[in-house]
Amino acid sequence: MKYDYLIVGAGFFGSICARELTNKGYKCLVIEKRNHIGGNCYTENKDGINIHTYGPHIFHTSNEEVWKWINQFVSFNDFQLRPVANYKGEIYSLPFNMWTFSKLWNITHPDQAKRIINEQSSTIKDPTNLEEQAIKLVGKEIYEKLIKGYTEKQWRKPASELPKEIIKRLPVRFTYDNNYFNDKYQGIPIGGYTQIFEKLLDGIEIKLEIDYFKNKEYWNNLANKIIYTGPIDRYYDYKFGELEYKTTLFEHKKLLTSNYQGVAMMNYTDIEIPFTRCIEHKHFENIQSDITWITYEYPIEYKANETEPFYPVNNEENNSKYLQYKELSNQEKNIIFGGRLAEYKYYDMHQVIESALNFINNE
């Protein structure tokens, strides 16, 4: 059978394309290398708790079109992410806000915090890397306690070698607002994320545990067009060298207690502790039970074809390499590259959805 579209990957980009194209009358085949749909947003229910298998996913957007679109498939609760940082047993509020500044410096007013930050960052005029940008934003003391160790564990390289744009994702507020995101719409799907993908792919042919690259030519010949959502460098057999990705090992544990840490996310910011954060999943949906599930996240070295790529490392060297792959992809007539890995962009969920819907509209 000849399909209109072969879709490689059953994450958000691939699943949205499959649904929308099917609704328009096209015949789609979805193949996925994992044994489940949903990509990194996959959630698995254990003991009545929806576990975010590949790390916490908090949906947030200010795009009303995206919010209305996803609410077709699921109802959201009103969860807001309010993580805490643990530095050698000292607990601080995240993101950086007046609660953080007040505890650290024993102050109460925004002007006091700004004055201390300005004093601690006075030698930095035009930041050129993450370390300098962080000190400029929150001062040297907060950088040393709450940013440096966490960041260098997470990215497995000195903060002085990372692009300054990474730290700009983190809010800094001179108010007592500790809601991590600024977006109008925020929440967690009641019942987990997997149900969204089950509805998106309902009635669409899907094959799991398929390695596209083991028989690439065979799969390509099955369809008129291919939508590819994997790493773009792998698609071109690393012609210009490997792109760098950040990857993580997730250690899930069941504990016989009703409440392990009192918060959904606790970041461990000192370099001596090997994991970056601990997630307690029941707090995402306020589940009441006598047991809990937690996840420790350990950053590990990325090895192409051996470990899962999660986030692109968008420094100058990698971005330059990606542009060479991008030029190749622009010459393709029947292959579309979409999603975080194929576009080599640090997308959040709402941005992937927006990208997929825009593609469908243009297609």
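The values are calculated or read from the model by the stated rules, or taken from the named source; none is laboratory data. If you're wondering where the values come from, they're calculated on a predicted model, not measured in any experiment. Every residue, glycine as well, gets a Cβ built from its backbone with ideal geometry; the counts of neighbours run over all protein chains shown. These area figures cover heavy atoms from the full protein model, side chains too; ligands, DNA and RNA do not enter into them. Shrake-Rupley method; radii C 1.70, N 1.55, O 1.52, S 1.80 Å.
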*Residues that are among the hydrophobic types (A, V, I, L, M, F, W, C) and open to solvent by less than 40 Å² (accessible area, probe 1.4 Å): find the strands (runs of 3 or more DSSP E) completely inside segment 234-341 holding 2 or more of those.*
265-268, 277-280, 292-300, 335-337
*Odd one out for I210 among (1) open to solvent by 50 Å² or more (accessible area, probe 1.4 Å); (2) in contact with a strand residue (DSSP E or B) (Cβ under 9 Å, 6 or more places away or on another chain); (3) farther than 30 Å from G48 by Cβ; (4) part of a loop (DSSP other than H, G, I, E, B)*: (1)
*Within segment 272-318, which residues are over 19 Å from N40 (Cα atoms) and modelled with pLDDT under 95?*
N314, N315, E316, E317, N318
_What pairs come out if I take residues in segment 336-360 that are free of Cβ contacts under 8 Å to residues at least 12 places away in the same chain and pair them with residues that are buried (at least 17 other Cβ atoms within 10 Å of the Cβ) and among the small types (G, A, S) whose C-beta lies under 9 Å away, six or more apart or interchain?_
Y347/G339; Y347/S355
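Conditions (1) in a loop (DSSP other than H, G, I, E, B); (2) touching an Asp or Glu at 6+ places or on another chain (Cβ under 8 Å); (3) of a type outside the set (S, T, Y), marked per residue:
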residue	(1), (2), (3)
S102	no, no, no
D111	no, no, yes
T123	yes, no, no
D126	yes, no, yes
*What residue, of I135, I166, is in contact with a Leu (Cβ under 9 Å, 6 or more places away or on another chain), outside any loop (DSSP other than H, G, I, E, B) and open to solvent by less than 40 Å² (accessible area, probe 1.4 Å)?*
I166
*Determine the pairs where a residue that is closer than 17 Å to T269 by Cα and free of Cβ contacts under 8 Å to residues at least 24 places away in the same chain, located within segment 121-146, has a partner that is assigned to a helix (DSSP H, G or I) and open to solvent by 70 Å² or more (accessible area, probe 1.4 Å) with Cβ atoms under 8 Å apart, the partner being 6 or more residues away or on another chain.*
G139/E119
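Scan segment 346-358 for residues that are touching a strand residue (DSSP E or B) at 6+ places or on another chain (Cβ under 7 Å) and modelled with pLDDT of 95 or more and jot them down.
Hits for segment 346-358 are M349, H350.
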*Restricting to segment 28-58, what's the tally of residues that are in a loop (DSSP other than H, G, I, E, B) and either open to solvent by less than 40 Å² (accessible area, probe 1.4 Å) or more than 23 Å from W69 (Cβ to Cβ) (or both)?*
13
*Residues of segment 73-100 that turn out to be in contact (Cβ under 8 Å) with a residue 24 or more places away in the chain, of a type outside the set (D, E) and part of a loop (DSSP other than H, G, I, E, B), as a count*: 13
